[in-house]
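Okay, structure first, notes after.
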Amino acid sequence: MAKRDPYADKAPPPSFTEARNSRQKVRAAGMNPNYWYAVELDKNVGKEEVVEVVFWKRSIALFRDVHGELHAIENRCAHRQLKLTTGHVDGCNLVCPYHGWAYDGEGKVVDIPHSLFGRKFPKFQVPSMPVQVRYGLIWIFMGDAERQHEASIPEIPELEGPDRWTCVPVDATWTAHHSMIIDNVSDFTHAYLHRRYEPFKDAELTGFEVQGDTVELEYDTQVGAGKVSSLFVDRESVDTNQMKLAYEYPYQRSNTDDQIKHWLFVLPIDERTTRSFYLFYFKALKVPFTRFRIPRPVMTPFMHAANKLLVGKILDEDRVAVEAEQEGYEMHWDAPLAELNPVVKAFQDLTIRKWEEHLAETGGLAQLKTKKKTESSANA
């Protein structure tokens, strides 16, 4: 006789308003849309190409017209609601494959190739979003377009200008909530997971502070301590025994002696899916077993190789662990809290607060509470 699955009738994790503690709340929280979010690598969208990107269950058609200009509009035809990404780009317009309705970069219907049945040309339109390109990434402002200037894409001076540092972005889509990824990348208690490559080890949290919408923290730790990575770090000129990090909502960053830095930009797709964009960049790396620096013209191909042979493997270890954490949470969301690192609680509190602020601004929190009350009455 087959054993019965004890979790077969397990209820799914609670919604944001149903959550009873911070862990349940943060794992159901979205991200405030009134920020610029990296959504795609610039190289992945060529002229007259269209791709789908998703921000918190909202599908966007991102397309580049014949002149190379990028546009982002809601991914649906106003006629029969087909995804416009199933169509094609024609010149400066995105064309629906069903009836051929064409949309310009502002989401306006500009051409209908069939009969209008004696009517005037309609004024149909779907929402559009502001778009920018920076650091090899395409960014979209998902919130109120009138507020796009209230927020800004992070300034990374090392990646701009003629003397910019080498950076080859790494992106990945994981089956995990965005808060789990933020927890992972700044919580160095998981050094055991990376014991093979040792990107950091012997980490001790020396302090953290919450300032507005930023959690600043610092570790004493050996950075790049692995057998391979240590060959390329010039420890005589770089202090690799300390790292400063921050969760600067909604972004994450680190800094080792102003010589080794990174940014992480998360794109929340839904409650259990997140795409992440990592920017790792170095002022200089050395040729192994010498005191010479790797020549700048060689750094880009070197970084491509490093991303594939080392960075990618480390991130894959994180992926396996975080995706397992997502599965574990979905099975045991009501288990007792067992977090020890205080910065993780600070990250989660910030994510919760920013989501609550967004819901309060849009009336969403009141609507969710009303819905919950109505459902409770109906089930009584």
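Quick note: the coordinates plus some simple rules give every number you see, no bench work behind them. Quick caveat, the model's predicted, so the values are computed rather than measured. Cβ placement follows ideal geometry from the backbone for every residue including glycine, while neighbour counts extend to all protein chains displayed.
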Rounded to one decimal in nm, the spacing of the 7 Å Cα→Cβ label points at residue 332 and residue 320 is 1.9
Long-range amide H partners of residue 76, meaning residues 5 or more apart or on another chain whose placed amide H is closer than 5 Å, are 84
With x for Gly and Pro, the residue-by-residue ³J(HN,Hα) of the range 56-71, computed from phi through the Karplus equation 6.51 cos²θ - 1.76 cosθ + 1.60 at θ = phi - 60° and given in whole Hz, is 6, 6, 9, 8, 10, 8, 9, 9, 10, 7, 5, 8, x, 7, 8, 9
For the range 157-344 the mean separation of alpha carbon contacts under 8 Å (6+ apart) over residue count, i.e. relative contact order in percent, is 27
Taking the chain and counting helices only, DSSP H stretches of n ≥ 4 at -39,500 (n - 2.57) each over all residues, the nearest-500 ellipticity at 222 nm comes to -7000 deg cm²/dmol
If R0 = 22 Å, then residue 193 and residue 258, at their Cβ-Cβ distance, give a FRET efficiency to the nearest 0.05 of 0.20
For residue 242, other-chain or 5+-apart residues with amide H closer than 5 Å (H placed, Pro excluded) are 221, 223
When the charge dipole of the chain is computed with +1 on Lys and Arg Cβ and -1 on Asp and Glu Cβ about the Cα centre, the Cα farthest towards its positive end, among 149, 186, 125, belongs to 125
What the 5 Å binned alpha carbon P(r) of the range 97-148 shows, as percent of pairs per bin from 0, is 4, 16, 19, 19, 13, 11, 9, 6, 2, 1
Applied in sequence order to the range 277-292, the curve 6.51 cos²θ - 1.76 cosθ + 1.60 (Karplus, θ = phi - 60°) yields integer Hz couplings, x standing for Gly and Pro, of 10, 9, 10, 9, 8, 10, 5, 6, 10, 9, 6, x, 6, 9, 9, 8
Residue separation between residue 237 and residue 86 times 0.36 nm, minus their alpha-carbon distance, gives in nm 49.1 nm
Over 21 Å (Cα to Cα) among 244/308; 283/345; 43/283; 261/345; 83/108; 244/345 -> 244/308; 283/345; 43/283; 261/345
Per its Cα gyration tensor (rounded if a/c is under 1.5, else prolate when a/b beats b/c, else oblate), the chain is best filed as oblate
Residue span residue 134 to residue 54: 0.36 nm per residue of separation minus Cα-Cα distance leaves a gain in nm of 26.9 nm
Residues whose built amide H sits under 5 Å from the amide H of residue 55, excluding neighbours closer than 5 in sequence, are 60
So residue 270 and residue 79, fully extended at 0.36 nm per residue minus their Cα-Cα distance, gain in nm 66.1 nm
Dimensionless Rg/Rh of the range 38-147, both radii on Cα and Rh by Kirkwood, sits at 0.98
Treating only Lys and Arg (+1) and Asp and Glu (-1) as charged, each at its beta carbon, one finds that the chain has a dipole about its Cα centre, in Debye to the nearest 20, of 940
Most exposed first, judged by fewest Cβ atoms within 10 angstrom, 175, 256, 351 run 175, 256, 351
With the 8 Å Cα cutoff and a minimum separation of six or more residues, the chain has a relative contact order in percent of 18
Relative contact order as a percentage, the range 1-126, C-alpha pairs under 8 Å and 6+ apart, gives 14
The ³J(HN,Hα) series, computed from each phi in the range 125-134 with the Karplus coefficients 6.51, -1.76 and 1.60 at θ = phi - 60°, rounded to the nearest Hz and given as x for glycine or proline, is 7, 10, x, 10, 10, x, 10, 9, 10, 7
Rounded to two decimals, the Debye log10 I(q)/I(0) of the range 87-196 (Cα scatterers, no solvent) at q = 0.10, 0.17, 0.20, 0.21 Å⁻¹ is -0.59, -1.07, -1.19, -1.22
Cα convex hull volume per residue for the range 157-344, in Å³, equals 128
Taking the chain and a Cβ-Cβ threshold of 4.7 Å, the cysteines left without a partner are 92, 167
